[in-house]
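First up is the structure itself, then whatever we jot down about it.
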Amino acid sequence: MEQAYLEEESSKGFDFKRYIVKVAANWYWFVLAIALFVGGAFAYLYYIPTTYNVSAFVLVKKPSDATNMLGGSAFGSGGKETWLDVNNEIFKFKSGSLIRQVVDSLDLTTQVKTEINGKQTVVSNDSLPFDLSVIRTMPEMESPVYKLKLFNSTYNIEADNKNYTGQYNRPLALYGDTILIEAKNGTVIPAKKEYELQFFGMGSTVSKYISRIEITPVAKAGEGLLQITVRDEVPNIAKKFIEVLVTTYDVSNLDHNNQALRKEMNFLNERLASVSEELDAQAKLVRDFKAGNQVFDVASSANQLLGSLPQIDARKTENLLRLDLVNLVESNIRSYNG
């Protein structure tokens, strides 16, 4: 009898009314879950900084004939065609030395935040109403967060519950950092404007931007075309990062090629100098041997003699004329009486 009742209940299928009753009885759990997830989403968007992806396409050309100016020699490619290895170029773009130059050029170890639409947002140094420069005694250490508040003629910096007052265009030393804030030309510094300053270590900043760079080859566009994507809180900084990175990459390649050519030319100059010294030494030995053994070159002597015959004839004629004049004068003197 019990078995027949269970089969009858299972054959009825999904009971929608019963499901609604259960949901209505536990409605507070649904409201709590929705409030929790929405609150977490808002907190994530508020505290986690928004990042932007900026991409650019770069065409990397294979080594030209300029890098093999001595082609066919022991230094060139020997006439073989040089192929482009895209993976090597990607490795160059993401090398630590290249990224360090870009970070140092754009001063990316300095981070400035200000409140925009009720949220602390990272801003670029170009958008600030003042020029900020810093000299650090320990460039690899991370500084505390400085809260900067601007006034008409002075500014105030708060760090670790301590206040420091500084003047524009004058350096201020604190925690081993020397900070200089200068007013930009033609820009009025807004009073009571607040910022957050923090200086990061060079090594950590380089590692951060290496992780934020993505370089992938564009297969459909042909060989040598790369897509460089940089992720940053400020799109303008990401754009400048790509521009400076590409420029630094070109300068590095040019310097590398010039360095290879300079080494080859220096080697050739050294070989030419050594060969010239050997030739001079051999010429001196031949000269000393001829002088010691009185060996003369007949053909060379004959050519020199034939070349000097016109001069000899001219001098002979001149001497004969002078001799005739002397004889004439002597005869006149002898024939003179008294």
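List, in order, the whole-Hz ³J(HN,Hα) value for each residue of region 243-253 obtained from phi through the Karplus relation with A = 6.51, B = -1.76, C = 1.60 and θ = phi - 60°; use x for Gly and Pro.
Result, ordered by residue: 4, 5, 4, 5, 4, 5, 5, 5, 5, 5, 5 Hz.
For region 156-207, just run the numbers: alpha carbon Rg, then divide by 2.2 N^0.38 Å, N being how many residues it has.
With N residues counted in region 156-207, Rg over 2.2 N^0.38 Å equals 1.35.
Enumerate the calculated ³J(HN,Hα) couplings along region 146-163 in order (Karplus 6.51 cos²θ - 1.76 cosθ + 1.60, θ = phi - 60°), each rounded to whole Hz, writing x wherever the residue is Gly or Pro.
Computed from phi, the couplings for region 146-163 are 9, 9, 9, 10, 8, 10, 5, 10, 9, 9, 10, 10, 10, 8, 6, 6, 10, 10 Hz.
Between L268 and F289, what is the label-to-label distance in nm when each label sits 7 Å out along the Cα-to-Cβ direction?
3.2 nm
Can you list the residues, at least 5 places off or on another chain, whose amide H is less than 5 Å from the amide H of G224, using H built in the peptide plane?
Residues meeting the amide H criterion: none.
Of the cross-linked pairs K61/K113; K119/K240; K61/K240; K119/K162, which ones have a Cα-Cα span greater than 30 Å in the structure shown?
Check vs 30 Å cut-off fails for K61/K113.
Considering the zone a paramagnetic label at I116 would reach in this model (a point 7 Å from Cα along the Cα-to-Cβ line), which residues of region 200-224 have amide N under 15 Å from it?
Nothing falls inside the zone, counting backbone N under 15 Å.
Taking a ≥ b ≥ c as the square roots of the eigenvalues of the Cα gyration tensor of region 200-269, is the shape rounded (a/c under 1.5), prolate (a/b larger than b/c) or oblate?
oblate
For Q311 and I20, compute 0.36 nm times the residue count separating them, minus their Cα-Cα distance, and round to one decimal in nm.
Fully extending the segment from Q311 to I20 adds 91.3 nm.
At a Förster distance of 56 Å, what's the computed FRET efficiency of D107 paired with E277, Cβ-Cβ distance as r, to 0.05?
It comes out at approximately 0.60.
Each residue of region 101-114 in turn: what ³J(HN,Hα) in whole Hz from Karplus with 6.51, -1.76, 1.60 and θ = phi - 60°, glycine and Pro shown as x?
Per residue, the Karplus-derived 3J(HN,Hα) values read 4, 5, 4, 5, 5, 8, 6, 7, 6, 9, 10, 10, 10, 8 Hz.
Can you give me the distance in nm between label points at N327 and V145, each placed 7 Å from the Cα along the Cα-to-Cβ direction?
If labels sit at N327 and V145, their model points lie 12.3 nm apart.
Would you mind calculating the gained length between S153 and S127 on full extension (0.36 nm times residue separation, minus the Cα-Cα distance), in nm to one decimal?
7.3 nm
Just order 158-167, 321-330 by mean Cβ neighbour count inside 10 Å, highest at the front, would you?
Result, highest mean first: 158-167, 321-330.
Could you pull out every one of the aspartates and glutamates with an alpha carbon less than 18 Å from that of K284, ignoring same-chain neighbours closer than 8 positions?
D297
Throughout, read-outs are computed from the coordinates displayed, never taken from laboratory work. Quick caveat: nothing in here was measured; it's all calculated off a predicted structure. Cβ sites come from the backbone with ideal geometry, for glycine too, and all protein chains shown count toward neighbours.
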